[in-house]
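The next block holds one structure in the form of C-alpha coordinates; read it before the comments.
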Amino acid sequence: MAAYCQVTEKAPQFGHNVSHAQNKTKRRFNPNIQKKTYFVPSMKRNVTLQVSARGIKVIDVRGIEAVVAEILARGEKI
(Lines give C-alpha, C1' and ligand atoms only; values in the text may rest on other atoms or scores of the structure.)
Protein backbone atom coordinates (compact mmCIF):
# COMPACT_ATOMS: atom_id res chain seq x y z
CA MET A 1 0.00 0.00 0.00
CA ALA A 2 1.43 3.34 -1.03
CA ALA A 3 1.75 5.95 1.71
CA TYR A 4 -0.64 8.41 0.01
CA CYS A 5 -3.62 10.27 1.50
CA GLN A 6 -6.63 10.48 -0.81
CA VAL A 7 -8.00 13.56 0.96
CA THR A 8 -4.97 15.82 1.49
CA GLU A 9 -2.84 14.22 -1.27
CA LYS A 10 0.10 13.92 1.13
CA ALA A 11 2.85 11.59 -0.07
CA PRO A 12 6.17 10.52 1.46
CA GLN A 13 8.87 13.15 1.82
CA PHE A 14 12.56 12.38 1.68
CA GLY A 15 15.49 13.59 3.74
CA HIS A 16 18.50 12.44 5.73
CA ASN A 17 19.26 10.92 9.09
CA VAL A 18 22.10 13.06 10.44
CA SER A 19 24.40 11.59 13.06
CA HIS A 20 26.42 13.55 15.59
CA ALA A 21 29.40 13.17 13.23
CA GLN A 22 27.26 14.75 10.47
CA ASN A 23 27.09 11.50 8.45
CA LYS A 24 24.00 11.65 6.26
CA THR A 25 22.00 8.57 5.27
CA LYS A 26 18.82 8.67 3.21
CA ARG A 27 15.47 8.25 4.94
CA ARG A 28 11.80 8.55 4.17
CA PHE A 29 9.12 10.46 6.12
CA ASN A 30 5.79 8.63 5.64
CA PRO A 31 2.44 10.28 6.43
CA ASN A 32 0.29 8.59 9.08
CA ILE A 33 -2.00 6.62 6.73
CA GLN A 34 -5.13 4.88 8.05
CA LYS A 35 -7.70 2.82 6.16
CA LYS A 36 -11.15 4.18 7.10
CA THR A 37 -14.64 3.24 5.95
CA TYR A 38 -17.33 5.93 5.71
CA PHE A 39 -20.99 5.71 4.72
CA VAL A 40 -21.83 8.21 1.98
CA PRO A 41 -25.61 8.88 1.97
CA SER A 42 -25.73 10.32 -1.57
CA MET A 43 -24.05 7.20 -3.00
CA LYS A 44 -25.98 4.91 -0.59
CA ARG A 45 -22.87 2.81 0.08
CA ASN A 46 -19.76 2.53 2.18
CA VAL A 47 -16.54 4.04 0.85
CA THR A 48 -13.10 2.91 2.03
CA LEU A 49 -10.46 5.63 1.90
CA GLN A 50 -6.75 5.72 2.68
CA VAL A 51 -6.50 8.89 4.74
CA SER A 52 -3.87 10.51 6.92
CA ALA A 53 -4.61 11.62 10.46
CA ARG A 54 -4.95 15.17 9.10
CA GLY A 55 -7.34 13.87 6.40
CA ILE A 56 -9.62 12.40 9.08
CA LYS A 57 -9.82 15.83 10.72
CA VAL A 58 -10.63 17.43 7.34
CA ILE A 59 -13.51 14.96 6.87
CA ASP A 60 -14.81 15.77 10.37
CA VAL A 61 -14.83 19.51 9.62
CA ARG A 62 -16.03 19.58 5.99
CA GLY A 63 -18.14 16.43 5.90
CA ILE A 64 -17.78 13.23 3.92
CA GLU A 65 -20.09 14.41 1.10
CA ALA A 66 -17.92 17.43 0.22
CA VAL A 67 -14.69 15.45 0.48
CA VAL A 68 -15.94 12.62 -1.73
CA ALA A 69 -17.21 15.13 -4.31
CA GLU A 70 -13.76 16.74 -4.41
CA ILE A 71 -12.02 13.35 -4.81
CA LEU A 72 -14.35 12.38 -7.64
CA ALA A 73 -13.84 15.79 -9.33
CA ARG A 74 -10.10 15.08 -9.41
CA GLY A 75 -10.85 11.89 -11.31
CA GLU A 76 -9.82 9.42 -8.62
CA LYS A 77 -11.74 6.19 -8.44
CA ILE A 78 -13.36 5.35 -5.11
Query - Condition check for ALA2: of a type in the set (A, V, I, L, M, F, W, C) and at pLDDT below 95 - result: yes
Report summary line: Taking segment 1-52 and keeping residues in contact (Cβ under 8 Å) with a residue 40 or more places away in the chain, touching a strand residue (DSSP E or B) at 6+ places or on another chain (Cβ under 6 Å) and either assigned to a helix (DSSP H, G or I) or open to solvent by 90 Å² or more (accessible area, probe 1.4 Å) (or both) leaves LYS10
Query raised in the report: If the Cβ limit is 8 Å and pairs must be 6+ apart or interchain, which residue in segment 53-64 that is more than 17 Å from ALA11 (Cβ to Cβ) pairs with which residue that is open to solvent by less than 40 Å² (accessible area, probe 1.4 Å) and assigned to a helix (DSSP H, G or I)?
Result: ILE59/VAL67
Report summary line: Residue hits (segment 53-78; farther than 12 Å from VAL7 by Cα, in a loop (DSSP other than H, G, I, E, B) and not small (Gly, Ala, Ser)) are LYS77
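The values are calculated or read from the model by the stated rules, or taken from the named source; none is laboratory data. Values in this document were obtained by computation on a predicted structure and should not be read as measured data. A quick note on method: Cβ atoms are made from the backbone with ideal geometry, for glycine too, and the neighbour counts reach across all protein chains shown. Note: areas computed on protein heavy atoms with side chains; ligands, DNA, RNA excluded. Shrake-Rupley method; radii C 1.70, N 1.55, O 1.52, S 1.80 Å.
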